[in-house]
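**Student:** One structure follows; several queries about it will come next.
What follows draws every value from the coordinates through simple rules; no lab data is involved. Note that the coordinates shown come from a computational prediction; the quantities given were computed from them, not determined experimentally. Ideal geometry is used to build each Cβ from the backbone, glycine not excepted, and the neighbour counts take in all protein chains shown.
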Amino acid sequence: MYKLLAVIIVFIQINIGFSQTQYTHDVYFNTDEYKVPKTEENRLLLFISKLQDIEIDSIAIYGFCDDVGADTYNMKLSQQRADAIKTIFSNNEISESLISNVDGKGEILLKIVNEKNILKLRGLNRKVEIIVTEKQPEQIVEEVVEVPTVVKKKTIPEQIKGKLNVGDKIIFKNILFKTGYSTVTKDSKKILEHIAKALVEREDIYFTIQGHVCCTKFSRDAIDKKTKQRNLSVARAKYVHDYFVKKGVDKKRMRYLGMRRKFPLGGDPKYDRRVEILITYVGENESK
């Protein structure tokens with residue numbers, strides 16, 4: 001592979017001191033419970049969906065109780081409430097690396113909130129506060145430097161058209177999924193169309209479409225926000241399978257499989273919301 005010397009522009013990002021934008025949300029609980037009520041869970045999922053287009057710097061989760069009960073009991077219950085919210089974030093593909101605090105704060109005293117109805121006040125104090133901080137804006141500075149460049153890597157359609165062997169895996173790195181959903185972003189769909197065209201032309205290969213998710217605990221699957229089922233990796237693989245069928249790829253040549261979160265790539269979590277294909281058969285003409 002030949003190396004060429006090229007002059008390129010390097011963009012350096014510098015923090016410029018703007019105040020960071022914060023998004024807040026409260027989740028309310030029933031007396032003596034840390035299970036999130038269904039209505040509150042739906043409100044939280046709506047809040048999470050609105051974070052999709054935000055570059056998150058950190059997430060802080062603080063649990064609270066009302067003033068009834070012993071201090072030790074309230075500390076434990078408030079921590080359980082905070083942990084329950086963290087689990088929902090994880091199940092919906094929000095990386096735990098973004099969560100800076102998950103703390104139980106114990107009870108909130110009645111005098112903190114200006115409300116005369118004590119029962120209502122206690123209900124407002126049985127809660128978890130969520131604070132999402134957006135990354136600080138950065139100034140981009142240009143700097144011209146000379147660096148060696150290398151020949152560009154093959155695109156996915158080029159890989160499909162090249163020599164393939166059984167066991168080869170092609171990762172769809174530029175096919176990005178919406179957080180918590182099996183549908184791809186608008187730009188990704190254009191790329192997926194080119195991949196489908198290459199697969200239609202490459203009739204001699206059979207393959208398995210493998211779907212993946214990010215950020216869940218213990219290699220579990222994530223929850224599909226559309227269906228509320230914990231099978232998001234399967235849904236993503238099926239979405240791509242059905243798209244390929246629609247574009248003319250013979251369904252006999254492929255199958256789909258959900259891989260849950262068994263094989264994270266590391267780095268930015270968005271790249272774990274992915275699909276890839278595993279070559280399972282190559283026709284005789286290609287193997288010669």
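**Student:** So what are the ³J(HN,Hα) numbers for segment 160-170, from phi and the Karplus equation (6.51, -1.76, 1.60; θ = phi - 60°), rounded to whole Hz, Gly and Pro as x?
**Tutor:** Each residue of segment 160-170 in turn: 5, 7, x, 6, 10, 10, 4, x, 5, 10, 10 Hz.
**Student:** A follow-up question, please. What are the semi-axes of the equivalent ellipsoid of segment 22-134, taken as the square roots of 5 times the eigenvalues of the Cα gyration tensor, listed largest first and rounded to whole Å? Show your work: numbers first, answer last.
**Tutor:** Numbers: eigenvalues 121, 40, 33 Å².
Each semi-axis is the square root of five times an eigenvalue, giving 25, 14, 13 Å.
**Student:** Once amide H atoms are placed 1.01 Å from N in the peptide plane, what residues at a sequence separation of 5 or more from I205, or on another chain, have their amide H within under 5 Å of its amide H?
**Tutor:** Those qualifying (amide H under 5 Å, at least 5 residues apart or on another chain) are G283.
**Student:** Using 0.36 nm per residue of separation minus the Cα-Cα distance, give me the extension gain between Y281 and A70 in nm, one decimal. Let's see the in-between values first.
**Tutor:** Values: separation 211, 0.36 × 211 = 75.96 nm, distance 6.48 nm.
Working it through step by step, the gained length comes to 69.5 nm.
**Student:** Could you work out the equivalent-ellipsoid semi-axes for segment 156-287, taking the square root of 5 times each eigenvalue of the Cα gyration tensor, largest first, in whole Å?
**Tutor:** 25, 15, 13
**Student:** For the pair K173 and Q20, what calculated FRET efficiency results from E = 1/(1 + (r/R0)^6), where r is the Cβ-Cβ distance and R0 = 41 Å, to the nearest 0.05?
**Tutor:** Details: r = 30 Å, r/R0 = 0.73.
The pair Q20/K173 has a calculated efficiency of 0.85.
**Student:** Oh, and also: Please list, ordered by chain and number, the residues whose modelled amide H lies under 5 Å from the amide H of L176; skip anything fewer than 5 residues away on the same chain.
**Tutor:** Here the answer is T185, S188, since their amide H atoms fall under 5 Å of that of L176.
**Student:** Something else: What FRET efficiency would be calculated for the residue pair R253, Q229, taking the C-beta separation as r and a Förster radius of 25 Å, to the nearest 0.05? Walk me through the numbers before you get to the answer.
**Tutor:** Working: r = 27 Å, r/R0 = 1.08.
After rounding, the FRET efficiency stands at 0.40.
**Student:** Follow-up question, since we're still on this one. Just to check I understand the Karplus step: with θ = phi - 60° and J = 6.51 cos²θ - 1.76 cosθ + 1.60, what whole-Hz values come out for segment 235-245, glycine and proline as x?
**Tutor:** Whole-Hz 3J(HN,Hα) from phi for segment 235-245: 4, 5, 5, 5, 4, 5, 4, 5, 5, 4, 4.
**Student:** Let me spell out the model: positive unit charges on the Cβ of Lys and Arg, negative unit charges on the Cβ of Asp and Glu, origin at the Cα centre of segment 22-134. What dipole size does that give, in debye rounded to 20? Display every interim value, and only then the final one.
**Tutor:** Values: 14 positive and 19 negative charges, 105 e Å.
In debye, rounded to 20, segment 22-134 gives about 500.
**Student:** While we're on this one: What base-10 log of the normalised intensity I(q)/I(0) is obtained for segment 150-232 from the Debye formula, alpha carbons as equal point scatterers, at q = 0.23, 0.26 Å⁻¹?
**Tutor:** -1.16, -1.28
**Student:** Charges on Cβ only, +1 for Lys and Arg, -1 for Asp and Glu, centred on the Cα centroid of segment 156-287; of L199, F218, T280, which one is farthest towards the dipole's positive end?
**Tutor:** Selected residue: F218.
**Student:** Taking neighbour Cβ counts within 10 Å as the exposure measure, how do E284, E93, E41 sort from fewest upward?
**Tutor:** E284, E41, E93
**Student:** Then there is this: Residue by residue, what Karplus-based ³J(HN,Hα) values in Hz, rounded to whole numbers, does segment 190-201 have, using 6.51, -1.76 and 1.60 with θ = phi - 60° and x for Gly and Pro?
**Tutor:** The phi angles translate into 5, 5, 4, 5, 5, 5, 4, 4, 5, 6, 4, 6 Hz.
**Student:** For K246 and I118, calculate 0.36 nm times their separation in residues minus their Cα-Cα distance, and state this gained length in nm to one decimal. Provide the component values of the computation, followed by the final result.
**Tutor:** On the way: separation 128, 0.36 × 128 = 46.08 nm, distance 5.96 nm.
Length difference between fully extended and current span is 40.1 nm.
**Student:** Can you give the FRET efficiency for K135 and V166, using 1/(1 + (r/R0)^6), R0 = 45 Å, r = Cβ-Cβ distance, to the nearest 0.05?
**Tutor:** After rounding, the FRET efficiency stands at 0.55.
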